[in-house]
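The numbers here are math on the coordinates, done by the rules we state, and not lab data. Please read all numbers here as calculations on a predicted model, not as lab measurements. Because the Cβ atoms are built from the backbone with ideal geometry, glycine has one as well, and the counts that use them run over all protein chains shown.
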Amino acid sequence: MKTVVEGRDIKKYFIASKSLFGKTEYVRAVDHVDIEIYDNSVLALVGESGSGKTTLGRILAGILKPDEGSVLFKGIDIYRDGLTRDIRHKIQVIFQNPDSSLNPRMRILDILGEAIKEIEPTISKDDLEDRAAQLLENVNLHVDHLYKYPHELSGGEKQRVAIARALAVNPEFIVADEPVSALDISIRAQIINLLNSIQKRLRISMLYIAHDLRTVWNISDYVAVMYLGKIVEYGETEKVFRNVAHPYTATLLTSAPLMPKEFRKHEIYPVGEPPSLIDPPSGCRFHTRCPIAREECKKLDMKLEEIEDGHYTACPFLK
Ligand SMILES: Nc1ncnc2c1ncn2[C@@H]1O[C@H](COP(=O)(O)OP(=O)(O)OP(=O)(O)O)[C@@H](O)[C@H]1O
Ligand code: SF4
Ligand SMILES: [Mg+2]
């Protein structure tokens, strides 16, 4: 399997507070993470709110420089060697809320036109209009929408436009950060199916950040589970769901609605409250909430170990 994007030992801390006496506290949003996204495949990144998913996604998309570590896009270190124009086009992001990513003062034609001209600066007006119409067709929107402004569209239609704009520059890697969570429940499945079919047809690699494990099961080939800035379990979605090997993943699967019974191999629930990312627990960071924690977990290194082909976990105790 060819790797398209590789994050190596990525660290990103944000300043949480600075005291008058010079003490600085940091939010350890991403804490030494390794991650790979393969050619023509979807890696889902899951974990509870604040676990660092968006921060990691932005770093992999080339829009947030990590403090340490590197991101390689097809072997090119994008932060060390610079993000060329070409690579910038090849990596696109679809955000949670299309309202914040579409300029309200531009018609859809101009929004798409701006993206098309990025790769075809000398395109004629007629060709540009044809190409924009074709992009709308690809996301199942009527050509009439070209002449509308974002506020004249529904949430789902706006997200379709955001997807069309990402496709305008022929991307090879898309970071979709909770692309449906701001939308009405009734239309989420349509947008997910659209993303899924586009990914398959155009053979795009995708990082799909999500909360909904049912969707993750439906569309992802691989899954990485994040807890307090660390990846705790990783592998083919099928293996991770059927043979869950980290208690945190097990708690997510146990609490997920509408999941088949076979994914509840360990029916367990977290205890206590989520700890702070400023001062995370020692050893295994999940030990304060893990129902099967033991004394030695407080000192355990959270190294991922392979337990079956391509399936890794940071917990040696869940059997
Ligand atoms: N620019 C920033 N400045 C300071 N802290 C930040 C910044 N961006 C993120 N954080 C903090 O980093 C941590 C991880 O945030 P992040 O948005 O990556 O989490 P997430 O997993 O995407 O959460 P959610 O599921 O709610 O989207 C959070 O504690 C957040 O408050
Ligand atoms: S290492 Fe210990 S605390 Fe951490 S997940 Fe495993 S059993 Fe729970
Ligand atoms: Mg997020």
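Please indicate, with yes or no, whether at least one residue in region 53-65 is closer than 29 Å to Ser255 by Cβ and within 16 Å of ligand 2 (Cβ to nearest atom). For region 53-65, residues closer than 29 Å to Ser255 by Cβ and within 16 Å of ligand 2 (Cβ to nearest atom): absent.
Leu72: within 21 Å of Asp39 (Cα to Cα), away from ligand 1 (no atom under 16 Å from the Cβ) and in a strand (DSSP E or B), yes or no? Yes: the conditions hold for Leu72. Of the numbered criteria (1) free of Cβ contacts under 8 Å to residues at least 24 places away in the same chain; (2) closer than 28 Å to Arg8 by Cβ; (3) not basic (Lys, Arg), the one Met302 fails is (1). Residues in region 75-88 that are more than 18 Å from the chain's Cα centre (by Cα) and part of a helix (DSSP H, G or I) were compared, and the one that is farthest from ligand 2 (Cβ to nearest atom) is Arg85.
Which of the residues belonging to region 265-314 are touching a strand residue (DSSP E or B) at 6+ places or on another chain (Cβ under 7 Å) and under 24 Å from Lys239 (Cα atoms)?
Within region 265-314, Arg285, Phe286, Met302, Leu304, Glu305, Glu306, Ile307, Gly310, His311, Tyr312, Thr313, Ala314 qualify.
Can you tell me which residues in region 220-266 are of a type in the set (D, E, K, R) and within 16 Å of ligand 1 (Cβ to nearest atom)? Within region 220-266, Lys230, Glu233 meet the criteria. Considering only residues that are without any contact (Cβ under 8 Å) to a residue 40 or more places away in the chain and buried (at least 20 other Cβ atoms within 10 Å of the Cβ), look in region 144-155 and name the one that is nearest to ligand 1 (Cβ to nearest atom). The residue in question is His145. Scan region 132-172 for residues that are touching a Pro at 6+ places or on another chain (Cβ under 8 Å) and not in a helix (DSSP H, G or I) and jot them down. Within region 132-172, Tyr149 is the sole residue that qualifies. When Ala189, Ala168, Ala164 are checked against the criterion of being among the hydrophobic types (A, V, I, L, M, F, W, C), out of contact with any strand residue (DSSP E or B) (no Cβ under 6 Å at 6 or more places or on another chain) and without any contact (Cβ under 8 Å) to a residue 24 or more places away in the chain, a single residue qualifies: Ala189. If you go through region 2-59 and keep only what is on the phi > 0 side of the Ramachandran plot and out of contact with any Asp or Glu (no Cβ under 7 Å at 6 or more places or on another chain), you end up with Gly22, Asn40, Gly47, Gly50, Gly52. Taking Leu167, is it under 26 Å from Gly50 (Cβ atoms) and either away from ligand 3 (no atom under 16 Å from the Cβ) or surrounded by 18 or more Cβ atoms within 10 Å (Cβ to Cβ) (or both)? No; evaluated as a whole, the condition is false for this residue. The C-beta contact set for region 230-242 (first residue closer than 10 Å to Met302 by Cα, second residue among the polar types (S, T, N, Q), distance under 6 angstrom, 6+ apart or interchain) is empty. The set of residues from region 78-116 being surrounded by fewer than 19 Cβ atoms within 10 Å (Cβ to Cβ) and among the polar types (S, T, N, Q) comprises Thr84, Gln96, Asn97, Ser100, Ser101, Asn103. Within region 1-46, which residues are in contact with a Gly (Cβ under 6 Å, 6 or more places away or on another chain) and not acidic (Asp, Glu)? Within region 1-46, Arg8, Ile10, Lys11, Arg28, Ala29, Val30, Ile35 meet the criteria.
Please tell me if His246 is closer than 30 Å to Asp301 by Cβ and buried (at least 20 other Cβ atoms within 10 Å of the Cβ).
In short, yes.
Scanning region 40-69 for residues that are hydroxyl-bearing (Ser, Thr, Tyr) and crowded, with 16+ Cβ neighbours inside 10 Å yields Ser41, Ser51, Thr54, Thr55. Residues in region 262-280 that are surrounded by fewer than 19 Cβ atoms within 10 Å (Cβ to Cβ), of a type outside the set (A, V, I, L, M, F, W, C) and either within 25 Å of the chain's Cα centre (by Cα) or within 16 Å of ligand 3 (Cβ to nearest atom) (or both): Arg264, Tyr269, Glu273, Pro274, Pro275, Ser276, Asp279, Pro280.
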